[in-house]
1. For the range 12-28, name all the residues that are surrounded by 10 or more Cβ atoms within 10 Å (Cβ to Cβ), modelled with pLDDT under 90 and either charged (D, E, K, R) or assigned to a strand (DSSP E or B) (or both).
2. Just to verify a result, which residue in the range 29-81, among those that are of a type in the set (A, V, I, L, M, F, W, C) and part of a strand (DSSP E or B), is modelled with the lowest pLDDT?
3. Quick one: is Pro94 loosely packed, with under 12 Cβ neighbours inside 10 Å, modelled with pLDDT under 90, over 13 Å from the mean Cα position of the chain (by Cα) and not hydroxyl-bearing (Ser, Thr, Tyr)?
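The values are calculated or read from the model by the stated rules, or taken from the named source; none is laboratory data. Being a predicted model, the structure only gives us computed values, none of them experimental. Virtual Cβ from ideal backbone geometry, glycine too; neighbours counted across all protein chains shown.
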Amino acid sequence: FHRINVYEVLKAPRPGQLITQLLDTRLVRHNASRWESFDVSPAVLRWTRERLPNYGLAVEVLHLNQTPRHQGRHVRISRSLHQEPGEDWEQLRPLLVTFGQ
């Protein structure tokens, strides 16, 4: 399993220092290939309603129960700004979808 944590960045990042607030967390299986959704609405509401600055989101992946048998297994998170040869960037890029009532 991997734990994926999504944080709101609260202050402009400085080298080696990131001030964050946890928004959502989820356990995922290392062998599952599917979409995961995270509730980032508290951050979006602060950015839109309260007009607070948007310093972005931070994603942390923690490898749980790591044993020699599981080393090398990973969760792939797309983070490249450039398309790799043979890869369709439209399918790989991270996607943030927000919706409201």
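1. Listed by number, the list holds a single entry, Val28.
2. Taking the range 29-81 as the starting set, the residues that turn out to be of a type in the set (A, V, I, L, M, F, W, C) are 32, 35, 38, 40, 43-45, 47, 52, 57-59, 61-62, 64, 75, 77, 81.
With the extra rule that they be part of a strand (DSSP E or B), the set shrinks to 57-59, 61-62.
Numbers: Leu57: 90, Ala58: 89, Val59: 88, Val61: 85, Leu62: 88.
Here the answer is Val61.
3. Working: loosely packed, with under 12 Cβ neighbours inside 10 Å: yes; modelled with pLDDT under 90: yes; over 13 Å from the mean Cα position of the chain (by Cα): no; not hydroxyl-bearing (Ser, Thr, Tyr): yes.
Considered against the rule, which asks whether it is loosely packed, with under 12 Cβ neighbours inside 10 Å, modelled with pLDDT under 90, over 13 Å from the mean Cα position of the chain (by Cα) and not hydroxyl-bearing (Ser, Thr, Tyr), Pro94 comes out as no.
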